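Structure first, commentary second.
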Amino acid sequence: MKKLFSNIKGDAFGGITAGIVALPLALAFGVSSGLGPEAGLYGAIFISFFAALFGGTATQISGPTAPMTAVSMVIIAGIVAANDGSVEKALPAILTVFLLAGLIQIGLGFLGLGKYIRYIPYPVVSGFMTAIGVIILLTQILPSIGYYPKEDAEFVAQFKPQAEEVILENILKEEAGEGILVLENFKETIDRAQQITPEQILNESQTLAAKEASGTVGAIKVLPRALKHINWLELMLALGTIIIIYGFKRITTAIPSTLVALVVVSGIAYGFNLGYRPISEIPGGIPIPRLEMFTNFSLGSITPYIFTALTLSLLGAIDSLLTSVVADNMTKTKHKPNKELVGQGIGNSIAAVFGGIPGAGATIRTVVNINAGGKTKLSGMIAGIMLLLIMLALSDVASKIPAAVLAGILITVGIGVMDYRGLKAIPSLPRDIKLGPVRLSSEVLIMLVVLLLSTFWDLIYAVGIGLVIASLMFMKKIGDLTAERSDVKSLKEEAWDDEGNFPSALKEEVFIKHLKGPLFFGSTSDFQALTEQIPNTAKTVILRLGRMQYMDQSGLYAMEDMLQDLSKRNIQVLFVGLLKQPRYMMERIDIIPNLISKDHIFKEFDSCLNWIKSNVKDEF
């Protein structure tokens, strides 16, 4: 406790500054997610406070981030679409998924998996981050030019027949559930159909129109139409925001340019009564728990999203721990990864209960906190309290912010989140694979696959596919390197230093094989060719295994098959330098002692050589 208050002045200034920086981003991410600006604020408040309180990085400032919001946006859109386009109806399931993601993060921390996050391949992270930027840019084009598909009467009218079909289908489902659907008598169906109002058809048509224009593919589809219906005022507000954000940075970085843009452009729009489109109203008062997520809980509603929740939790873990590394480098401290995961999980879980979107450690806000003097967990807690006070005092004012301003802020976020270092490296990376007549870099291929699949298909599956491809390519490379280093060569072609005294008279009778590196499924095909390469004159094979540190099940059975083949040819095998793990594996399935007796296993080559001199005769 004493340590927590050891830097009150610096932590207060750092936390207040970070909270102010977080305000416009929290509002923008909330709007972008589809749950509204208050969801972004609630997420920023609770995640910042509780992740700091329970986390393992002293200076970390947490809250909604671009990657977490992009994935949340996909989750929200999918669940809303499954609930007839009603956000209110879908909200319990949405928040339950977010809560589950937070609980999974807590579990990851308790299981001690934080240290393994660093093994995610860089090309996967690079492709994902660039895709996040592209997704944000594409999805913010429409609001930045003031085009909203639900409000385009001509566009919405195209979906009227489909809307009527959906409404009728819902009536039939209701009747089937009530047990009154009878094929011989559709009187009830006709009566209910006649009660359908034009407003119901319009609402369903708007829902279908919004769904058609959602996501990156939807935004691209309606872009030609949107460009014919540009709201020039909204466009000017968005452009003004972007210009101030980039321009003010050239003047000073002491004051966040995002906040300056938010205040200046919103002030101009409101002061001159320009007739702009404001964001949705932010409710005032203390946030209250959304208990309907528990009272209306349905396992069936979230079962399809369990894998999504897992991916969301892993993404939050990666995002947070990468920021923790940045904080370590700046403060010369060392974070506790597993404790940080527990803190992030608690923050995301509590935020979900209060209706907030999930988040993670935010690099920019953390850097701002450190530069402003933050040194302990108190700074992150103060940032959360600062946002709560702003919401309580200024919710009415914040509700007057133009939607186009937040779209402009998000466009700069999308541009900034892309991995330019990875993109710049594309021409210089070695082209180590060949696809038909084209040679490509495997790293670039992975990055592009993740980028394209994330942007135009599914973020979750894209990361999974990227990891699988990266793993397969890594195993192929390791297998090739292992095979290259452990080529089967006779003694007269290659000899290790301690083999110099090997009797020249026995070189035809004895064949030596050097195994260098692990014997695993990526190298078994080359190893299996060993029996074919052994000369017909050989009666004894020496396997030097001192550099074979590891053997998996595939390697184990490849070894067993080879030993059985040699046994049939009356060729005896000697092991030299057999290490602990491979020996344990071979003892489990009785390769030792059934195929290789313990008398034929030697610690040193010299003792093996003495055995050779005593037991092998020169026959050629």
- Item | Enumeration of residues in region 75-91 that are assigned to a helix (DSSP H, G or I) and surrounded by fewer than 22 Cβ atoms within 10 Å (Cβ to Cβ) | Ala77, Gly78, Ala81, Val87, Glu88, Lys89, Leu91
- Query: closer than 18 Å to Phe520 by Cβ and surrounded by 14 or more Cβ atoms within 10 Å (Cβ to Cβ), is that true of Ile591?
  - Reply: yes
- Quick check, is Gly56 assigned to a loop (DSSP other than H, G, I, E, B) and touching a Leu at 6+ places or on another chain (Cβ under 7 Å)? no
- Task: Name the one entry in Lys160, Lys187 that is at pLDDT 85 or above and outside the structural domain of Trp457 (by TED's automatic domain parsing).
- Result: Lys160
- Only residues in region 466-490 that are modelled with pLDDT of 80 or more count as the first member; pair them with residues that are of a type in the set (S, T, N, Q) and surrounded by 14 or more Cβ atoms within 10 Å (Cβ to Cβ), Cβ under 6 angstrom, at least 6 apart or cross-chain, and list the lot. Met473/Ser442
- Return the total of residues in region 244-259 being among the hydrophobic types (A, V, I, L, M, F, W, C), more than 31 Å from the chain's Cα centre (by Cα), in a helix (DSSP H, G or I) and surrounded by 12 or more Cβ atoms within 10 Å (Cβ to Cβ). 2
- Task: Looking for whichever is closer than 15 Å to Met386 by Cβ, in a helix (DSSP H, G or I), in the same structural domain as Ser399 (by TED's automatic domain parsing) and modelled with pLDDT of 90 or more here; the options are Phe49, Phe13, Phe98. Which one fits?
- Result: Phe49
- Query: So, of the residues in region 379-401 that are surrounded by 24 or more Cβ atoms within 10 Å (Cβ to Cβ) and not polar (S, T, N, Q), which turns out to be farthest from Gly63 (Cα to Cα)?
  - Reply: Ile401
- Message: Given (1) more than 22 Å from the chain's Cα centre (by Cα); (2) crowded, with 22+ Cβ neighbours inside 10 Å; (3) farther than 25 Å from Ile243 by Cβ, identify the lone condition not met by Ser428.
- Response: (2)
- Message: Against the definition (in contact (Cβ under 8 Å) with a residue 24 or more places away in the chain and under 27 Å from Leu223 (Cβ atoms)), how does Ile136 come out, yes or no?
- Response: yes
- Message: Between a residue in region 429-449 that is without any contact (Cβ under 8 Å) to a residue 12 or more places away in the chain and among the basic types (Lys, Arg) and any residue that is surrounded by fewer than 12 Cβ atoms within 10 Å (Cβ to Cβ) and part of a strand (DSSP E or B), which pairs come within a Cβ distance under 9 Å, given they are 6 or more apart or on different chains?
- Response: Arg431/Val438; Arg431/Arg439
- Any chance region 59-73 includes a residue that's among the β-branched types (Val, Ile, Thr), within 23 Å of the chain's Cα centre (by Cα), farther than 23 Å from Pro256 by Cα and modelled with pLDDT under 90? yes
- Only one of Gln581, Gln549 is assigned by TED's automatic domain parsing to the domain that holds Asp599 and in a helix (DSSP H, G or I); which? Gln581
- Message: Here are the criteria: (1) modelled with pLDDT under 85; (2) within 30 Å of Thr333 (Cβ to Cβ). Tell me which single one Leu429 does not satisfy.
- Response: (2)
- Query: Does any residue in region 317-345 that is at pLDDT below 90 come within less than 7 Å, Cβ to Cβ, of a residue that is part of a loop (DSSP other than H, G, I, E, B) and of a type in the set (A, V, I, L, M) six or more places away or on a different chain, and which pairs are these?
  - Reply: Ile318/Ile120; Thr323/Ala362; Thr333/Ala58
- Message: For a quick check of your reading of the model, give me the residue pairs whose first member lies in region 15-44 and is surrounded by fewer than 24 Cβ atoms within 10 Å (Cβ to Cβ), whose second is of a type in the set (Gly, Ala, Ser) and modelled with pLDDT under 85, with beta-carbon atoms closer than 6 Å and at least 6 apart or on different chains.
- Response: Gly36/Ser280
- Message: Quick check on my filter: what residues within region 381-403 are part of a helix (DSSP H, G or I) and in contact with a Lys or Arg (Cβ under 9 Å, 6 or more places away or on another chain)?
- Response: Ala383, Ala403
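The values are calculated or read from the model by the stated rules, or taken from the named source; none is laboratory data. Being a predicted model, the structure only gives us computed values, none of them experimental. Backbone-built Cβ (ideal geometry, glycine too); neighbour counts: all protein chains shown.
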